[in-house]
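Notes to accompany the following structure.
What follows draws every value from the coordinates through simple rules; no lab data is involved. Only a predicted model underlies this, so the values are computations on that prediction, with no experimental measurement involved. Quick reminder, even Gly has a Cβ in these numbers, built from the backbone with ideal geometry, and neighbours come from all protein chains shown.
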Amino acid sequence: MVDASTSKEGKNTTSAIAEKIISRKPESSSSTNKIPSGAKVFSSFQVGKQHRKEEEYLAFTRYIYNLPEESGETFGVLGTTSMFPRISIFPNGSPGFTTQLFEFGYLDQVYAKPGLQELSQLPTQLFNSVKNYAQGDGVYYRFFSISMESKDLQEYYPTINYISVEMIKDFNVKAKGVDKKLPHLNKKLIQTRRALGIKALYFILERVFNEDFKVLDQSHDWVLLTKGKSKSKILKDRILDIELHRLEATEETWKLACKMLDHNHSATE
C-alpha cells in the first residue's frame, strides 16, 4: 500500500510524467479513435473527491482509449472491447510512455534495443535487474498486471506487475486495433479491472509455477521471472497470496474476484 504522504513527487516522477501525457489533447487526425457519441466520459470521476493517483489512472485510461488504432513505429495498440486494452512497446519507444503503461497496468510487451532505453524509467531496482540478469539478444519482456485502486483518499494499492523474460520466436509483431468503446470511468471500472487482473494472474501464476519458472528479482509491486529448472517457493507463496486474500485489494474488489474465480469469499474472512 502506498501512503500519499510518502509517494514520490517532482518533475521526474511518474506522476509528473502522467500529468504531461494526460494533459495532451488527442490529435484530431483521421487515425485517432474517436470517443463514441453519448459515451459517459467521466461518469463518477470527480476531481478532488478521490485519491489523486486514482484520478490520474482514470484520466490516463481515457487517453489510452483515444490512441490511434493502427500500430505506430514505436508502439502498438492491442484494441479490445473488454477492459483490457494492451500496449506493446517497440524499439525506440518512449521510456516515459512505457513507465506510465507500467504504472497503470496497460503494458503488454516490450521489445527493447540493447541499451534498454525503452525501460530506463522503470523503477531503478527493476531496471538494474533487467540489465544484470535478463538482458540479451532475442529476448522480449512480457507484462502481466493487476491494476491499481485506492483504499481511501490517503492510501492506494499500486499496480502489481509480473514481468516474464521470453525468447523472441518471430519479431513480425503487429498489434491490431479493433473498435474500442470508452467505458464508464468510475470506481466500478477500477474495482472490476483489479478483480479481473487478480483472476488472470492467478491462472498465469499456476502456469508459470508448473512450468518451473524462477524469480530473478522482486519488490512489493513487481516480480521479474524467467524459465528455470525447478518449482519456485516464491511463486507458490504468491499463488497463496491470492487464495488467502493476502494480496492488497478492497473488500468490494475481493468479492468480485472471488466470484470470477468461483472461490468462497467468506471462507477466507
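Between their Cα atoms, which of Lys181/Lys236; Lys231/Lys259; Lys227/Lys259; Lys53/Lys199 are more than 27 Å away from each other?
Too far apart for the 27 Å limit: Lys181/Lys236; Lys231/Lys259; Lys227/Lys259.
Whole-Hz Karplus ³J(HN,Hα) for region 88-97, in order, using 6.51 cos²θ - 1.76 cosθ + 1.60 and θ = phi - 60°, x for Gly and Pro?
Once rounded to whole Hz, the list reads 9, 9, 9, x, 6, x, 5, x, x, 5.
Treat each spin label as a single point 7 Å out from the Cα along the C-beta direction, and report the Gln154 to Thr124 distance in nm.
2.8
Name the trypsin sites (Lys or Arg not before Pro) in region 195-266 that are in a loop by DSSP and that have at most 10 other C-beta atoms within 10 Å, would you?
Lys229
Roughly speaking, what is the stretch gain from Phe84 to Tyr133, that is 0.36 nm per residue apart minus the C-alpha to C-alpha distance, in nm to one decimal?
The span from Phe84 to Tyr133 would gain 14.7 nm if fully extended.
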